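S.K.: One structure follows; several queries about it will come next.
The values are calculated or read from the model by the stated rules, or taken from the named source; none is laboratory data. Model, not experiment: these values are computed from the prediction. Glycine gets a Cβ as well: all are built from the backbone with ideal geometry, and neighbour counts include every protein chain shown. To get the accessible areas, we keep the full protein, side chains included, count just its heavy atoms, and leave off ligands, DNA and RNA. Shrake-Rupley method; radii C 1.70, N 1.55, O 1.52, S 1.80 Å.
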Amino acid sequence: MKKSFVTLLALACAISASAQLKLTEDNIDRIVSEMTLEEKATLIAGGGWGSMNAGSLTASSTVLVPGAAGTTQGIDRLGIPRTVLSDGPAGLRIEPVRQGDSQTYYCTGYPVGTVLACTWNVPLVEELLATMGQEIHEYGVDVLLAPGMNLHRNPLCGRNFEYFSEDPLLSGKIGAAYVRGVQSQGVGVSIKHFAGNNQEINRMEDDARVSVRALRELYLKNFEIAVREAKPWTVMSSYNRINGKYTQQNPDLLTGILRDEWGFDGIVMTDWGNKAGTVDAVKAGNDLMEPGAATESQRVIAAVNDGTLDIADLDRNVKRILQYIVKTPRFKGYAYSNKPDLEGHGKLVREAAAEGMVLLKNESDALPMEAGGNIALFGLNAYKSIAGGTGSGNVNKAYVRNISEGLEAAGFTLDQRLTDFYAKYRDFVASERALGAGQGRNVLLGEAVLPEIAVNAQAVRATAQRNAAAIVVIGRNAGEGDDRRLADDFNLTAIETQLLSDVCAAYHAAGKKVIVVLNIGGVIETASWKDQPDAILLAWTPGQEVGHSVADIITGKSNPSGKLSMTFPVSYLDIPSSANFPYNGQPARQRGAQRQAVKDIDYTIYEEGIWVGYRYFNTAKKDVSYPFGYGLSYTTFEYSKPKVSAKNGGFTASIVVTNTGRTAGKETVELYVSAPEGGLIKPESELKAFAKTRLLQPGESQTLTFQADAYTLASFNEEASQWQTAAGTYTVKFAASATDVRTTSTFKGKAKSWPVKRLMLPESPIEELVVK
């Protein structure tokens, strides 16, 4: 009797202890062991669209952060809280106005990813993104679903504005700075879209058929750099397939490469959807299904019960999710203020945006212009400027400073008749839409850019008589869910072409200057018209302070130091990937069971291989309109005293940069390396390091230093399944752009190799472009 009593007492104590068990940083294994199958299956699926649906295992159904994209689920019994996931990447995306609440919750509209990359300034990006991290923290969000890191394979990808570059090293280094900046504030990021999400048309199903070499050297390399150098909390798997298999369900990608090779120790979450292969995703190492649905949990429970899913795989993923949760501000009970320093962040955005703008042309020192005087400002987007792209990258910001506002604040007087003309046209369009006319192509989470309106040539000539100069603003935007088009998007419209011609003719006849400002989210054709204006400023879509940042450069308050993170070709069809991209949009789909797979829609063959951007143009010796890495300044720089030394199969280098002009400025030095001939066919040269000076006063010098290890120099040998460097003489080119080499040096390299498993193999061989 006594023995039975002791047994019952022990059992009661165990039950009581279990009931009191709550998650801590130190008891994760114990928590996993105590969880029921239902709880585990609940945890690996998010709480549904938005941040409201709390699931069935927590008593709370409170909306955590209105407008957030989703949550992880909570389990009250074990002290596991929900955590909040919210869109980026150009600022936090949440609802700015809440019912019954007089406070507003606007977020800063930061420069888009392309602008950040065009600064070529790693410390600046890290500093700026720390302020974004502060907003994320103070608004009660745990993870920002950013940065977007897919490569600029083709300039018509609708989300290129979110992404950094055509070059994996530049993309990886800027991406790593972004991650470090945000995560320095105690919140996490989700680098995305892993991987091969290089077009938006049919992004849910498109099969990117790509060679292992191109995949590893280009489309995975930037993610690898960010993972190794910045340790992001999470990675977001993309919707698409690569070589026949969905990325979300591919163990080669999510375990073999991401975890086993690169050492990633965070969680992988899906992009927002609900693919049928939930069980395969769990097995592959995709820890969290977002936004989450009950059907996904049910699939997992059924698979464990029928033996098609090993409980050990589920436990592994659950453990990773718990390891993530205990790092979050919400788990730690942070009392967020909902009052970030928006004013201070806006000032930093203004400065950083100017550093990412690129001066493409400046004939006869047309810029900077002295503030004051009368300006004819042409273009609809001069008066409603574009701060960022559409879709999940669209930030709910308190304001956008239009270019017209920035110029007026800088002291210019705008031609009032032109201002009225554009205002009345916008009013007309608004009235037409109110009748039900719509806005043309569907736009996700944003507003379509109005097509440019014609201005009578006689009216243009009249403006030239009453203004000192003309500024023409050309606008473009794009976003999630669709790609850009070749006609009337990459190429100028007929109205834009005529307007530019008429303005240049009228103002040049009067001996006056014409400045073009490109308020665009991606590359456009420039070769056919760039000879006409006196100056061209590529302003991009640089955040909420767009107007002030543009005015700062036009007046010389800021000296432009941005350089292109991609190539501007002479013609779209010069780009090798143009042969395998839906540049005319998605055709009408066939119906029925016999529907044939459509090239570039259902599958995309990466026939260009490694020949993307400057790698192709430099090697093929093909002319471009503006090369990768190009950008002018209001001053000049001299490079001297180049030094290169071999080190453990890689190299260290230095160069002295001197400001030889009359204006303070910054200069980026780009190091391109040409490998020894023989063995693998390689590009003429590849970017392997870069650095930017501080603000140098006239006559001032700075020594920049660089290093690249042997692995950074390696190319991938598919036949041997290993990264390799060749023995021989390497040429290091100190350059101002991919085609402007200022000085060179050499070093002797050694043969080294890094074997890896044969992963991500195509289902059939890919016949790739050969460039010599």
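S.K.: So in the stretch 517-535, with the set limited to residues that are within 20 Å of residue 368 (Cβ to Cβ) and of a type in the set (A, V, I, L, M, F, W, C), which one is surrounded by the most Cβ atoms within 10 Å (Cβ to Cβ)?
M.R.: So, considering only residues that are within 20 Å of residue 368 (Cβ to Cβ) and of a type in the set (A, V, I, L, M, F, W, C), the one surrounded by the most Cβ atoms within 10 Å (Cβ to Cβ) is 517.
S.K.: Kindly state which helices (runs of 4 or more DSSP H) lie completely within the stretch 266-371 and contain at least 2 residues that are in contact with a strand residue (DSSP E or B) (Cβ under 7 Å, 6 or more places away or on another chain) and modelled with pLDDT of 95 or more.
M.R.: By residue number, 278-284, 294-306, 311-325.
S.K.: What about residue 630, is it assigned to a loop (DSSP other than H, G, I, E, B) and aromatic (Phe, Trp, Tyr)?
M.R.: yes
S.K.: Mind counting the residues in the stretch 447-468 that are farther than 24 Å from residue 525 by Cβ and surrounded by fewer than 19 Cβ atoms within 10 Å (Cβ to Cβ)?
M.R.: So the count comes out to 9.
S.K.: Out of the residues in the stretch 625-676 that are of a type in the set (Lys, Arg) and farther than 30 Å from residue 153 by Cα, state the one that is most open to solvent (accessible area, probe 1.4 Å).
M.R.: Looking at the filtered set, the residue picked out is 662.
S.K.: Return the residues of the stretch 396-455 that are in contact with a strand residue (DSSP E or B) (Cβ under 8 Å, 6 or more places away or on another chain), modelled with pLDDT of 95 or more and of a type in the set (Asp, Glu); say none if nothing qualifies.
M.R.: 408, 415, 452
S.K.: If I ask for residues that are surrounded by 17 or more Cβ atoms within 10 Å (Cβ to Cβ) and not in a helix (DSSP H, G or I), which ones from the stretch 372-392 would you list? Give the derivation first.
M.R.: Of all residues in the stretch 372-392, those surrounded by 17 or more Cβ atoms within 10 Å (Cβ to Cβ) come to 375-392.
Listed by number, the residues that qualify are 375, 376, 377, 378, 379, 384, 385, 386, 387, 388, 389, 390.
S.K.: So, one more: Could you please tell me which pairs satisfy a Cβ distance under 8 Å, a separation of 6+ or placement on different chains, a first residue in the stretch 124-144 that is open to solvent by 10 Å² or more (accessible area, probe 1.4 Å), and a second residue that is basic (Lys, Arg)?
M.R.: 126/180; 138/339
S.K.: Within the set of pairs 6+ apart or on separate chains, which have a first residue in the stretch 207-230 that is part of a loop (DSSP other than H, G, I, E, B), a second that is of a type in the set (A, V, I, L, M, F, W, C), and C-beta atoms under 6 Å apart?
M.R.: Close Cβ pairs (under 6 Å, with a partner that is of a type in the set (A, V, I, L, M, F, W, C)) amount to 211/766; 220/195.
S.K.: While we're looking at this one, here's another question. Open to solvent by less than 10 Å² (accessible area, probe 1.4 Å), farther than 19 Å from residue 233 by Cβ and in contact with a Leu (Cβ under 7 Å, 6 or more places away or on another chain): which single residue out of 170, 85 fits that description? Spell out the reasoning first.
M.R.: Working: 85 fails: farther than 19 Å from residue 233 by Cβ.
Selected residue: 170, the only one of 170, 85 that is open to solvent by less than 10 Å² (accessible area, probe 1.4 Å), farther than 19 Å from residue 233 by Cβ and in contact with a Leu (Cβ under 7 Å, 6 or more places away or on another chain).
S.K.: Separate question: For the stretch 685-699: of the residues being surrounded by 14 or more Cβ atoms within 10 Å (Cβ to Cβ) and more than 26 Å from the chain's Cα centre (by Cα), which is farthest from residue 673 (Cα to Cα)?
M.R.: Top of the filtered list is 698.
S.K.: Do we have any residue at all in the stretch 446-454 that's out of contact with any helix residue (DSSP H, G or I) (no Cβ under 8 Å at 6 or more places or on another chain) and closer than 30 Å to residue 159 by Cβ? Please lay out each step first, then the result.
M.R.: Keep residues of the stretch 446-454 that are out of contact with any helix residue (DSSP H, G or I) (no Cβ under 8 Å at 6 or more places or on another chain), which gives 447-448.
From what is left, the residues that are closer than 30 Å to residue 159 by Cβ are 447-448.
Checking the stretch 446-454: at least one residue is out of contact with any helix residue (DSSP H, G or I) (no Cβ under 8 Å at 6 or more places or on another chain) and closer than 30 Å to residue 159 by Cβ.
S.K.: Another question about this same structure. Looking only at residues in the stretch 288-329 that are closer than 19 Å to residue 272 by Cβ and among the hydroxyl-bearing types (Ser, Thr, Tyr), which one is most open to solvent (accessible area, probe 1.4 Å)?
M.R.: 295
S.K.: Now a separate question. Hey, among 414, 435, which residue is in contact with a helix residue (DSSP H, G or I) (Cβ under 7 Å, 6 or more places away or on another chain) and not hydroxyl-bearing (Ser, Thr, Tyr)? Steps first, answer last, please.
M.R.: Values: 435 fails: in contact with a helix residue (DSSP H, G or I) (Cβ under 7 Å, 6 or more places away or on another chain).
Result of the check over 414, 435: 414.
S.K.: Take the conditions part of a helix (DSSP H, G or I) and more than 12 Å from residue 195 (Cα to Cα) and apply them to residue 259. Does it pass? Steps first, please.
M.R.: Numbers: part of a helix (DSSP H, G or I): yes; more than 12 Å from residue 195 (Cα to Cα): yes.
When the stated conditions are applied, residue 259 passes them.
S.K.: Same structure, new question: Report yes if some residue within the stretch 174-190 is open to solvent by less than 10 Å² (accessible area, probe 1.4 Å), out of contact with any helix residue (DSSP H, G or I) (no Cβ under 8 Å at 6 or more places or on another chain) and in contact (Cβ under 8 Å) with a residue 24 or more places away in the chain; otherwise report no.
M.R.: Yes, the conditions are met somewhere in the stretch 174-190.
S.K.: Would you say residue 397 is assigned to a helix (DSSP H, G or I), out of contact with any Pro (no Cβ under 7 Å at 6 or more places or on another chain) and open to solvent by 20 Å² or more (accessible area, probe 1.4 Å)?
M.R.: Spelling it out, it is not the case that residue 397 is assigned to a helix (DSSP H, G or I), out of contact with any Pro (no Cβ under 7 Å at 6 or more places or on another chain) and open to solvent by 20 Å² or more (accessible area, probe 1.4 Å).
Matching residues to (1) more than 21 Å from residue 119 (Cα to Cα); (2) open to solvent by 10 Å² or more (accessible area, probe 1.4 Å); (3) touching a residue at least 40 places away in the same chain (Cβ under 8 Å); (4) in contact with a helix residue (DSSP H, G or I) (Cβ under 9 Å, 6 or more places away or on another chain):
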{"residue": "471", "(1), (2), (3), (4)": "yes, no, yes, yes"}
{"residue": "505", "(1), (2), (3), (4)": "yes, yes, no, yes"}
{"residue": "545", "(1), (2), (3), (4)": "no, yes, yes, yes"}
{"residue": "573", "(1), (2), (3), (4)": "yes, yes, no, yes"}
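S.K.: Separate question: How do the strands (runs of 3 or more DSSP E) wholly within the stretch 704-772 filter down when requiring 3 or more residues that are hydroxyl-bearing (Ser, Thr, Tyr) and either out of contact with any Phe, Trp or Tyr (no Cβ under 9 Å at 6 or more places or on another chain) or open to solvent by less than 60 Å² (accessible area, probe 1.4 Å) (or both): which remain?
M.R.: Fully inside the stretch 704-772 and qualifying: 728-737.
S.K.: Just give me the residues in the stretch 491-521 being assigned to a loop (DSSP other than H, G, I, E, B) and under 27 Å from residue 389 (Cα atoms), in sequence order.
M.R.: Scanning the stretch 491-521 gives 491, 492, 493, 520, 521.
S.K.: Based on what the data block shows, is residue 565 surrounded by fewer than 20 Cβ atoms within 10 Å (Cβ to Cβ) and in contact with a Leu (Cβ under 9 Å, 6 or more places away or on another chain)?
M.R.: No; evaluated as a whole, the condition is false for this residue.
S.K.: Then there's this: Is there a residue being open to solvent by less than 50 Å² (accessible area, probe 1.4 Å) and assigned to a loop (DSSP other than H, G, I, E, B) anywhere in the stretch 416-437?
M.R.: No, there is no match, as no residue in the stretch 416-437 is open to solvent by less than 50 Å² (accessible area, probe 1.4 Å) and assigned to a loop (DSSP other than H, G, I, E, B).
S.K.: Across the stretch 596-640, what is the total count of residues that are out of contact with any Pro (no Cβ under 8 Å at 6 or more places or on another chain), farther than 23 Å from residue 682 by Cα and of a type in the set (Ser, Thr, Tyr)?
M.R.: Counting residues in the stretch 596-640 that are out of contact with any Pro (no Cβ under 8 Å at 6 or more places or on another chain), farther than 23 Å from residue 682 by Cα and of a type in the set (Ser, Thr, Tyr) gives 5.
Listed here are the residues, each with its yes/no results for (1) over 15 Å from residue 475 (Cα atoms); (2) part of a loop (DSSP other than H, G, I, E, B).
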{"position": "531", "(1), (2)": "yes, yes"}
{"position": "543", "(1), (2)": "no, yes"}
{"position": "559", "(1), (2)": "yes, yes"}
{"position": "563", "(1), (2)": "yes, yes"}
{"position": "566", "(1), (2)": "yes, yes"}
{"position": "579", "(1), (2)": "yes, no"}
{"position": "586", "(1), (2)": "yes, yes"}
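S.K.: Would you please name the residue that is most open to solvent (accessible area, probe 1.4 Å), looking only at residues in the stretch 231-253 that are closer than 14 Å to residue 288 by Cα and without any contact (Cβ under 8 Å) to a residue 40 or more places away in the chain?
M.R.: 249
S.K.: Hey, another quick one. Residues that are modelled with pLDDT of 90 or more and open to solvent by less than 80 Å² (accessible area, probe 1.4 Å): which helices (runs of 4 or more DSSP H) entirely in the stretch 1-69 hold 1 or more of them?
M.R.: Per the criteria, 28-34, 37-43.
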